[in-house]
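See below for the structure under consideration.
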Amino acid sequence: MSSRIEQAIDELESYIDCCKPAFMSNDKIIVNKETVDELIRELRMKTPDEIKRYQKIISNKEAILNDARERAEALVRDANIKTNELINEHEIMQQAYAHANEVVKMAQQQAQEILDTATTESNNIKLAAAQYMDDMLNGLDNVISDSYQAATLNLQNIQNSLERYKEIVRSNKAELHPSVQEDVLDEEESQDPSDDNLDVI
């Protein structure tokens, strides 16, 4: 949509185009002074209104630009604040991750220490139990050996006592039956000598 000044200029140009050229001239025309004055006067009248309108548009444009500039600056400030918040959150997250990793590392280290201690104590208990059982078996072996030796000695003493009692019985029999003594001795000599011996356990 053309402005009122542009319309006035168009009317002036149209009038000039319709004017007749001057005699024997290519760059001069014959105009009606009153018509031209009227067009110029109308142009002058319309100019202040148009200037005011343009000034208002310019003022509005400045206001719009200022408002847009303020909004842009506000957006930039908000973006900076949000960026700083995200950076802070990122740093906090990094610190939280680092702390969590440290806690996990410490827990793993403590768990390993507990496991190592338990393993060491278990090995010590096994060694102590093995030593105790070895000592018990050695003691039992000594008791059995001593018992075996005592039993063997007692058996030997019993055997010797029986041999003595046997000799006493033979002597008494010989005294009671002197005539039979030689026959008994011959019969005993014909028997296996091992029959008179007792086995030793």
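Coordinate-derived values only; no laboratory data. None of the values given here were measured: they were computed from a predicted structure. In this analysis, Cβ positions are derived from the backbone assuming ideal geometry, glycine residues included, and neighbour counts consider all displayed protein chains.
Determine which member of the set Ser59, Ser25 is of a type outside the set (Asp, Glu) and assigned to a loop (DSSP other than H, G, I, E, B). Give the derivation first.
Numbers: Ser59 fails: assigned to a loop (DSSP other than H, G, I, E, B).
Among Ser59, Ser25, only Ser25 is of a type outside the set (Asp, Glu) and assigned to a loop (DSSP other than H, G, I, E, B).
Take Ile40 and decide whether it is without any contact (Cβ under 8 Å) to a residue 12 or more places away in the chain and either β-branched (Val, Ile, Thr) or exposed (fewer than 10 other Cβ atoms within 10 Å of the Cβ) (or both). Spell out the reasoning first.
Details: without any contact (Cβ under 8 Å) to a residue 12 or more places away in the chain: no; either β-branched (Val, Ile, Thr) or exposed (fewer than 10 other Cβ atoms within 10 Å of the Cβ) (or both): yes.
So Ile40 fails the test.
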